[in-house]
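The values are calculated or read from the model by the stated rules, or taken from the named source; none is laboratory data. Every value quoted in this text rests on a predicted model; they were computed, and no experiment measured them. Note that we place each Cβ from the backbone using ideal geometry, even for glycine, and neighbour counts take in every protein chain shown. Keep in mind that these areas ignore ligands, DNA and RNA; they rest on the heavy atoms of the full protein, side chains included. Shrake-Rupley method; radii C 1.70, N 1.55, O 1.52, S 1.80 Å.
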Amino acid sequence: MNILIFGPNGSGKGTQGAIVQKKFGVPHIETGVIFRENISKGTELGTKAKSYIDKGELVPDGITIPMILNRLKADDCLKGWLLDGFPRNLAQAEALWQALQKEKIKLDYVIEIVLDRKTAKKRIMGRRLCATDNNHPNNIFIDAIKPTEKDGKIVCRVCGSDKLTTRADDQDEAAIDKRHGIYYDSQTGTMAAVNFFRDKTRVIEISGLPGVKEVTEDLLKKLK
Ligand code: AMP
């Protein structure tokens, strides 16, 4: 099963992505996570990517496109993948589509979580990351995934880890606005990529506005 998931930063894409990953048992490949892992390990890729990420700009296509196309060739992708955060612009969408056509790989689902900019921004600022597992979503502004409290400390609602952190680019309004500017850009940005796929295949639209549970129910119903 090969799946793309789109949605503005803060739309619950990561949360729903974790559910889709469980349902189909495919690797959840998140470009942002790959970059952040490289930054924390101090790799050359991480060093190159950091300055762009800190400002909320896209890491150049010359770095991102080959990185993802290579990742899709790894053994764990033989039974499929869930791609999250890529493609993020029209050029990436075209490059992915070309690579899939060349390898005769079918795109099974394209999911778009639809959410307005203002709500998405608030949710970004409430996001907390679990250092133990990236698929443990926590958000202080969303009841369904609010971190829990233990001994006066805020801990991960899934595993109880007290290693909950925020991302610097999630607390920087200018960086958030830049990321959203790229997302909602229907000329060359992410919406242009979504529209590119709308011409090729069916795009499953899900409203990200209701609670996590309702969004999941809607998504699972439409994935049947
Ligand atoms: P995310 O975790 O999806 O919010 O991504 C964090 C940051 O990683 C973005 O603001 C970009 O700087 C970078 N990034 C993630 N995905 C891509 C992509 N497909 N192309 C270029 N840069 C990306």
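For this structure, a couple of remarks:
- Pick from the stretch 17-38, criterion open to solvent by less than 10 Å² (accessible area, probe 1.4 Å) and within 14 Å of the ligand (Cβ to nearest atom), ranking: farthest from K224 (Cα to Cα): T31
- Verdict on C77 being away from the ligand (no atom under 11 Å from the Cβ) and touching a Cys at 6+ places or on another chain (Cβ under 7 Å): no
- Subset tally (residues that are within 14 Å of the ligand (Cβ to nearest atom), within 17 Å of E37 (Cβ to Cβ), among the aliphatic types (A, V, I, L, M) and in contact with a Lys or Arg (Cβ under 9 Å, 6 or more places away or on another chain)) for the stretch 126-179: 1
- Residues within the stretch 7-16 that are open to solvent by less than 10 Å² (accessible area, probe 1.4 Å) and either touching an Asp or Glu at 6+ places or on another chain (Cβ under 8 Å) or basic (K, R) (or both), tallied: 1
- Of the listed requirements (1) over 19 Å from A193 (Cβ atoms); (2) under 17 Å from the mean Cα position of the chain (by Cα); (3) not in a loop (DSSP other than H, G, I, E, B); (4) not basic (K, R), G46 misses just one: (2).
- Of the criteria (1) more than 9 Å from the ligand (Cβ to nearest atom); (2) open to solvent by 10 Å² or more (accessible area, probe 1.4 Å), which one D61 fails: (1)
- Selected residue (only one of K48, K55 is more than 21 Å from T166 (Cβ to Cβ) and open to solvent by 50 Å² or more (accessible area, probe 1.4 Å)): K48
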